[in-house]
Amino acid sequence: MTDDIATATNENSTPVTLRKSLWQLIISRISAFREDIGRTFESGHGVDSVTFSISFIALAAKLAKADGQVTRDEVSMFREIFTIPPQEKANAARVYNLCRQEVSGYHSYARKLSNALGSGEIADGLRHDVLDGLFHIAMADGEFHPGEEQFLLDVAEVFEIPDEQFDILVARHVPGRENPFDILGLPADASTEDARRAWRQLVKDNHPDVLASHGLPEEMRSLAESRMISINKAYEDVTNLFQARVLQTDDDIPSP
């Protein structure tokens, strides 16, 4: 029997098979290692949804303290990124608090996760997913604190995420630094066709179902949905800018 299956009995005392929730699996995994969060990476499970979730929660808990305090907004954003059923709130809170109390530094978690993911396009995508989620946590209070920015830069360096990809995340999340061309990965002189091509590729690559097939836990689907909203909004903004340029050009043409 796998560790994601449990048995129980119904009202007729007949054994029935139940699938454990993600939060029950996380608690089981952590408990198996006497609540030593770091050792969960040595479980031999590889990077399944449980290990991925533990690593993200551990980094999120560390990030929430990067500006010197854990705010209610940051905890609320964590709950928005993860779908937490009412009956699982106690388990989720326990996991979060265990990760927050863990003494290991965030560099250690980031390195262990990155090493466990290995190499390849899908692994790189999951690293990007983690960093994207951490940006959501950092911006929960509406401010991009220097300590949070350094935290994210450090994690990006460990994950070997290119500077241009980090800049895209900044453009997507940080007020005052948003740029629709950056979000779409386009130069400022891109054409309408360039924008359409980039948008279509991003929509294809970042569809929630695609990310789920690559290993993003279903409980974090809202992260993928938020990214799609950002991509579509950026394309809309770029399209509007192109249309405004055309209108401006028409206005500049003297009447015959």
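The values are calculated or read from the model by the stated rules, or taken from the named source; none is laboratory data. Not measured: the values here are computed from a predicted model. Cβ coordinates were reconstructed from backbone atoms using ideal geometry, including for glycine residues, and neighbour counts include every protein chain displayed.
What are the residues in segment 197-213 that are surrounded by 14 or more Cβ atoms within 10 Å (Cβ to Cβ) and over 18 Å from residue 226 (Cβ atoms), if any?
197, 198
Go through the residues of segment 108-128 one by one and say whether even a single one is at pLDDT 85 or above, more than 14 Å from the chain's Cα centre (by Cα), surrounded by 15 or more Cβ atoms within 10 Å (Cβ to Cβ) and hydroxyl-bearing (Ser, Thr, Tyr).
Yes: one or more hits.
Have a look at 72, 39, 79 and point out the one that is of a type outside the set (Phe, Trp, Tyr), more than 15 Å from residue 140 (Cβ to Cβ) and either at pLDDT 75 or above or out of contact with any strand residue (DSSP E or B) (no Cβ under 8 Å at 6 or more places or on another chain) (or both).
Criteria check complete, one pass: 39.
Find the helices (runs of 4 or more DSSP H) located wholly in segment 153-249 whose residues include 2 or more that are farther than 30 Å from residue 141 by Cβ, and list them.
192-206, 208-214
Taking interchain pairs and intrachain pairs at least six residues apart, which have beta carbon atoms under 7 angstrom, with the first residue in segment 217-233 and of a type in the set (Asp, Glu) and the second outside any helix (DSSP H, G or I)?
Final answer for the pair search is 219/82; 219/83.
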